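The values are calculated or read from the model by the stated rules, or taken from the named source; none is laboratory data. Computed from a prediction, not measured in an experiment: that's the story for all the values here. For neighbour counting, all protein chains shown are included, and Cβ atoms are generated from backbone atoms with ideal geometry for every residue, glycine included. When the accessible area is computed, the model is the full protein with side chains, heavy atoms only, and any ligands, DNA or RNA have been set aside. Shrake-Rupley method; radii C 1.70, N 1.55, O 1.52, S 1.80 Å.
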Amino acid sequence: MTILFDGLRPVIPQSVSNGQRLTNLLNDLVLRAPYHSPHFDELGIPFRAVATDLYSGARVVLSSGSLAEALRASATIPVLYSPVTRDSLALVDGGMNTNIPADLARAWGCDLVIAVNTTSPPRHPSQITNPLETLDQVLNILMEKSNAEQLRYADVVITPGIGGHLATDFDNADSLIHRGYRDAAAAVPAIRAVQRRLLARALEDEAHRTNGDTLFGARVPDRVLDTLARLLHSSNSRSIDVSVTGGSWSVSADVLPRLRAIRVSGASTEIRPSILQEVDVCLQRPVCAETIRLVCARVLDVYRDRGYALAKIDSVAVDSLAGEVDLVVREGRVGAVTVEGNSRTDPVVILREFPLRQGQLFRTEDARIGMDNITSLNLFHQVSFSVEEALRDPTVSIRVEERPSQVLRISALVDDERNAQAAVELRDANFFGTGSELAGSFFGGFRNRRYALRYNTNRVWYTNLGLTSELYYDIRDFNTYRESPGLPFNRFAREVATQSRRILLGAQMSAGLYAGRFGYLTGALTLEHQELNTFATAEPDVTRLDERQRVVSFSLGTTIDTQDRFPYPRKGMYLLFTYLSAQTALGSEAAFTRIRTQYDVYLSTPGQQWTVHPRVLFGYGDRTMPRTEDFRLGGLATFFGMRENEFTGQQVFVGSVELRALLPVKFLFDSYLSIRYDLGRTWDIPEQIKFADLRHGAGIVIGLDTPIGPADFGIGKSFLFVRSGGKSFTQWGPTSLYFSVGVGL
């Protein structure tokens, strides 16, 4: 559980989601569009977005500003997504006030209003099973009367045959689109009939105005309407003249010249050939506004396909008589990058995450990466950007809505080995507005406790270098095991030999660097006081393991993590490699080398119902490595059939393969069934490593993806292949039961 604080006051979330993914999607779609303008009347098709002010309940018609922000506001379902703030307004879905704003189109001066009614029917009682579904039902009921009133403003209403499909259900989208296309095509005759009536009325009114009462009420012949409609749709005429004399109607047209040449200037050398090839298809078309728009759109499509979202047509010169068009292109260099909405956070923290700089060509991919980087800081409730036109190069304005940076995180972990453990972390995620973190934490129970104070920053100025410093005190009790005597030849078991406590008191300074395909590279310097105390033994003759030393070490490592989710990843990989060296020259009382590497891969079937997870773990320590640094093996996460830490040693090898299935039936939450086979062992010295000593383990786990963390319940058994007296047989270990619920820090 995570609680945000504004000072000492807890902050309750306004919604289930902050809607950042929706914001990013709309930004991407808007940037790919050929026409951009802060004035919606200047878009390819004039546009209005309708939203509702959450404070006053008033309808808000958005006609300017950020198009992506207007779309986001109009699509913001209350409670599900957080409101969009604009000035003093908190904007949510316009459907709260007017779901089908046909009256707005009529008031805007539209002669023909077509309404598409895609509202879903009321939910069946079986479809109301949670608060969000209840909210959706309430909104549908509230909008029902308004919908009926608004549809009366429309000349043509298209109601796609979606049946009982709910507006919140996005499955079978292709089928829904096909139905919408089919029903819209069926409405074309009705739309054309309204167009003919409007055209006839306009012609009759004009005839009456110019000819007086003698033609009052005269009906326009169908042949005139057909001829006029054909000429209007062909776009081949410079002008069309309709006249009526003595009750006789006539239509004449002045044919437009053809386009013979298109010249483009301002385009870079590598893009110009693609532009010329794209606009060649427009040659021999009539020289008219529609053709010029098509030429401009094709030029801009070339830039949009390459990610140059701010490229625009600077000017257009048309020579109608010669049939020539001259275009001047501005490719969209960034004039400036500004930050708005940050009252606490230093602008450098935001700008260093945004890869675009003044003078660079604006690319959609760079903007997307920048938005992802800023969002990943977890300092802001909302992140968006807009492009503001200037005399020459546009300004990119990044807008942020800061979230409280004081965070209290509480979690718990209950398992079969250490019983109940609790975790508490108090963190300032934006320490003095620098984007760095200061955190104090505790995690543990009766058998282990860890206290830590950590400070870290992800970036030093505009570099990719991160720094972390930490003070910690760690206590951990664990058992060591030995083979149980007196069992049949085909059975084995291990019993507790000693109970020990490891104590670590230390400080660490580390630096990390993102290095592309090499992942996150780290280097650290660590000073630790280590103790290992044996406080209980099974028998007096059992060797006690007591150590105390100062260890000063430096380490190098890399981490590559592309897992798609936690818990229960379905694709991606995880690679961890660490090299640690403690040297007396650094002041260490123990000199040793320790190497550890772990590699996990997740591969899923196309429907992600089945996941294969191979895993390899290898560790090496030299003879002088203290027992406090031993590798430990056993437990639900590392080896079936063994208890936690059942095997310890200075070398370790584990290989495992897991097959996991997403069950078709949920046990309250997404449920998984896993089967895993493990192979491995630890050794004290390299000379002891033998393939015949490898232990085998197999088990089954039922996993639930709960809101408090993964809940795993497993059963496993270990076994060993033995050859003695010329015969081979299998030794079986005891059956072990496991459970683990929750997560730690």
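The helices (runs of 4 or more DSSP H) found entirely in the stretch 1-116 that carry 2 or more residues being open to solvent by 70 Å² or more (accessible area, probe 1.4 Å), closer than 30 Å to VAL302 by Cα and of a type outside the set (A, V, I, L, M) are 20-32. Residues of the stretch 298-353 that are charged (D, E, K, R), open to solvent by 50 Å² or more (accessible area, probe 1.4 Å) and under 33 Å from the mean Cα position of the chain (by Cα): ARG298, ASP301, ASP305, ARG306, LYS312, ARG333, GLU340, ARG344, ASP346.
Looking at the structure I just gave you, is SER436 open to solvent by less than 40 Å² (accessible area, probe 1.4 Å) and within 37 Å of the chain's Cα centre (by Cα)? Yes. Restricting attention to the stretch 669-717, the residues that are farther than 19 Å from TYR568 by Cβ, acidic (Asp, Glu) and assigned to a loop (DSSP other than H, G, I, E, B) total 1.
When ALA429, ALA422, ALA452 are checked against the criterion of being more than 30 Å from ASN373 (Cα to Cα) and touching a Ser or Thr at 6+ places or on another chain (Cβ under 8 Å), a single residue qualifies: ALA422.
Within the stretch 397-413, the residues that satisfy the criterion of being buried (at least 17 other Cβ atoms within 10 Å of the Cβ) and of a type in the set (Val, Ile, Thr) are ILE398, VAL400, VAL407. Candidates in the stretch 355-371 are the residues that are of a type outside the set (A, V, I, L, M, F, W, C) and in contact with a helix residue (DSSP H, G or I) (Cβ under 6 Å, 6 or more places away or on another chain); of these, the one that is farthest from GLU388 (Cα to Cα) is PRO355.
In the stretch 437-454, is there at least one residue being of a type in the set (Phe, Trp, Tyr) and farther than 23 Å from GLU531 by Cα?
No, that holds for no residue.
Answer yes if at least one residue in the stretch 172-185 is part of a loop (DSSP other than H, G, I, E, B), touching a Gly at 6+ places or on another chain (Cβ under 9 Å) and either at pLDDT below 80 or open to solvent by less than 70 Å² (accessible area, probe 1.4 Å) (or both), and no otherwise. No; the residues of the stretch 172-185 include none that is part of a loop (DSSP other than H, G, I, E, B), touching a Gly at 6+ places or on another chain (Cβ under 9 Å) and either at pLDDT below 80 or open to solvent by less than 70 Å² (accessible area, probe 1.4 Å) (or both). Within the stretch 186-219, being at pLDDT 70 or above, more than 30 Å from GLY161 (Cα to Cα) and touching a Leu at 6+ places or on another chain (Cβ under 7 Å) holds for LEU199, ALA200. Counting only residues that are under 24 Å from ALA51 (Cβ atoms), open to solvent by less than 30 Å² (accessible area, probe 1.4 Å) and assigned to a strand (DSSP E or B), the stretch 143-171 holds 1 of them.
Among the residues making up the stretch 686-745, a single one is at pLDDT 90 or above, exposed (fewer than 13 other Cβ atoms within 10 Å of the Cβ) and among the aliphatic types (A, V, I, L, M): LEU737. The residue that is most open to solvent (accessible area, probe 1.4 Å), among those in the stretch 363-396 that are of a type in the set (Gly, Ala, Ser) and without any contact (Cβ under 8 Å) to a residue 60 or more places away in the chain, is SER376.
Consider the stretch 616-647 and keep the residues that are hydrophobic (A, V, I, L, M, F, W, C) and assigned to a loop (DSSP other than H, G, I, E, B). The one that is farthest from PRO710 (Cα to Cα) is MET625.
Within this structure, ALA75 passes the test of being under 21 Å from the mean Cα position of the chain (by Cα) and farther than 15 Å from HIS381 by Cα.
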